[in-house]
Amino acid sequence: MALQKKGMHGSWASRWTFIMAATGSAVGLGNMWKFPYVAGSNGGGAFVLIYLLCILIIGVPVMMAEVLIGRQGRQSPINSVNDLVANSHINKAWLSIGWFGVIAGLLILSFYAVIAGWALKYIVLMATGDLQGVDGTSASSVFESVLADPIGLIFWQTVFLFFCVIVVMGGVKKGLGLAIEILMPILFVVIFLLFVFCLFNTNVLEAMKFLFSFDLSNLSGRSLLEAMGQAFFTLSIGMGAIMAYGAYMPQDASIGKTVLTVAFFDSLVAIISGIIIFSIVFSTSGLEPTAGPGLMFISLPIAFGNMTGGLLVGTLFFVLVSIAAWSSAISLLEPSVAWLMEEKNLGRVNANLLVVLVAWILGIGSVFSFNIWQNSMIFNFTFFDFLDFLTSNIMLPITGLLIAIFVGYVMSPKIINEQIGFKSSIKSIWMFLLKFIAPCAVSVVFVAGILDKFSNG
Ligand code: PHE
């Protein structure tokens, strides 16, 4: 049975398609919406440095481990881990890696689609000129009225999920692979155009100063946890997506090189998005870099609404954000879809519809968090904030920790050697990071962050 399931979903056309697909998964709302506002509210430079360190010494090693498990199993994350556990006769508790990942992925998809829906709505608002000449008050009231309308939010969430279904329904080569080959070049061209626009029209130097001059006094336990949570979230690790994509990776591609390439592109896009957003914020009087989640949806429209050519650039910007979110969300869908196909004998179409239906229903909870459930709290969080905190700050670090320990200590070295197959010097650095640095760093930061959260409320 396991043999039949292996490879039943097909594989990427080439190593390059895997790189683009994993980059597509990695580059998303996390880079364009979350990174700038989280960096902004954590004081800029100090946070950015810690974040990049987390990517390099925790994110990359764990991501390699995740791709490795996927490529070894060649099935959905749950079944890939299942096979490894069964073949190595180890404790069944390790199965939680696959389950945790897929569940976190589904929870994330549910709220991710809601935020992506805002970006879609903003394409329309920008393109139709509704944001022309807005000031602080009117931009906030537009955003508030978008959030206050549950039916509108559900509409855009549904449109976004529909786009995702269309892609994932096509399968690995003709759906995901094809979409990625079209979307990623567009994404890079648009981000490049926006960057050039900012270079000539806005305050790029000020933005760079903000992002790169570090002041360690701004860092708290919570900023560390946020930096690590963000590193996991942005690389799409700890939630099955990268494991599922790894399952479709050609056998001859080097895991180390491909993962480093993906992490490089992902960090580049985060930094460039940060520069684009802050240079626009700094060139418009009255806007603060610490604006929080509204940074993209309130501050930027004010800037776009008041500069020459701003509406066109603004429309382009939200198209960019939507494409990035799209190429990420499909990777959140795939692990559960693949599992349903393997285990429940569902066809791709039905599996897709079922997963999206669950994400859609859960997503309505997030939609309501911004209006009718605004004041209903779970541990001081709205439903949306709760899911975000639970996934990014709890489930992902735990799954990441388990993956590091599993590959670092439990998995047979023979499999690791077969899969990694590169020069021993690099392998030993990776193993060192995976065995010692990643588990210690994740545990310490995780505990410190949770204590900080619950001591300060
Ligand atoms: N990495 C994506 C982002 O930064 C989010 C994501 C997480 C996508 C997990 C897929 C899986 O927006």
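The values are calculated or read from the model by the stated rules, or taken from the named source; none is laboratory data. Just so it is clear, the model here is predicted, and its values are computed rather than measured. Because the Cβ atoms are built from the backbone with ideal geometry, glycine has one as well, and the counts that use them run over all protein chains shown. Heads up: the accessible areas ignore ligands, DNA and RNA and are worked out on the full protein's heavy atoms, side chains in. Shrake-Rupley method; radii C 1.70, N 1.55, O 1.52, S 1.80 Å.
One Cα centroid belongs to the range 158-181, the other to the range 343-414; the line between them spans 20 Å. In the chain, a dipole from Cβ-located charges (positive for Lys and Arg, negative for Asp and Glu) runs towards its positive end, and of Tyr245, Gly59, Leu194 it is Tyr245 whose Cα lies farthest in that direction.
Does the range 100-231 come out rounded, prolate or oblate by the C-alpha gyration tensor, with a ≥ b ≥ c the root eigenvalues, rounded set by a/c under 1.5 and, if not, prolate when a/b is larger than b/c and oblate if not? Cα axes put the range 100-231 in the rounded bin.
Comparing Gly177, Gly152, Gly221 along the charge dipole axis of the range 143-233, the residue lying farthest to the positive side is Gly177, per the Cβ-charge model. Placing unit charges on each Cβ (+1 for Lys and Arg, -1 for Asp and Glu) gives the range 2-455 a dipole about its Cα centre, and among Ile364, Leu205, Thr17 the Cα reaching farthest toward its positive end belongs to Thr17. Could you tell me what % of all Cα pairs in the chain have separations over 30 Å? Within the chain, distances greater than 30 Å cover 41 percent of Cα pairs. From helices alone, the chain scores -22500 deg cm²/dmol at 222 nm; the rule is -39500 (n - 2.57) for each run of n ≥ 4 DSSP H residues, then divide by the residue total. Residues in the chain average 38 Å² of solvent-accessible surface per residue, probe 1.4 Å, ligands and nucleic acids excluded. The Cα atoms of the range 352-401 give a gyration tensor whose axes a ≥ b ≥ c have a/c of 1.5 or more with a/b no greater than b/c, which makes the shape oblate. Compared with the alpha-carbon gap, the fully stretched path from Phe162 to Ile437 is longer by 94.9 nm at 0.36 nm per residue.
Checking the Cα-Cα distances for Lys257/Lys453; Lys173/Lys257; Lys34/Lys435; Lys92/Lys414; Lys257/Lys344 against a 27 Å cut-off, the pairs over it are Lys257/Lys453; Lys34/Lys435; Lys257/Lys344. Among His89, His9, the order of accessible area from largest down is His89, His9, computed with a 1.4 Å probe on protein heavy atoms.
The angle between the Cα long axis of helix 96-127 and the main principal axis of the chain comes to about 30°, on a 0 to 90 degree scale. Shown for the chain: the carbon plus sulfur share of the solvent-accessible area, taken with all protein chains present and a 1.4 angstrom probe, equals 69%. Roughly what angle does helix 396-405 make with the longest principal axis of the chain, taking Cα atoms, 0 to 90 degrees, to the nearest 10? It is inclined by approximately 30 degrees.
Each residue of the range 137-143 was assigned a 3J(HN,Hα) from its phi angle through the Karplus curve 6.51 cos²θ - 1.76 cosθ + 1.60 (θ = phi - 60°); the sequence is 5, 6, 5, 5, 6, 4, 4 Hz, with glycine and proline shown as x. Basic side chains Lys and Arg get +1 at the Cβ, acidic Asp and Glu get -1 at the Cβ, and with that the dipole of the range 2-455 about its Cα centre reaches some 1360 debye.
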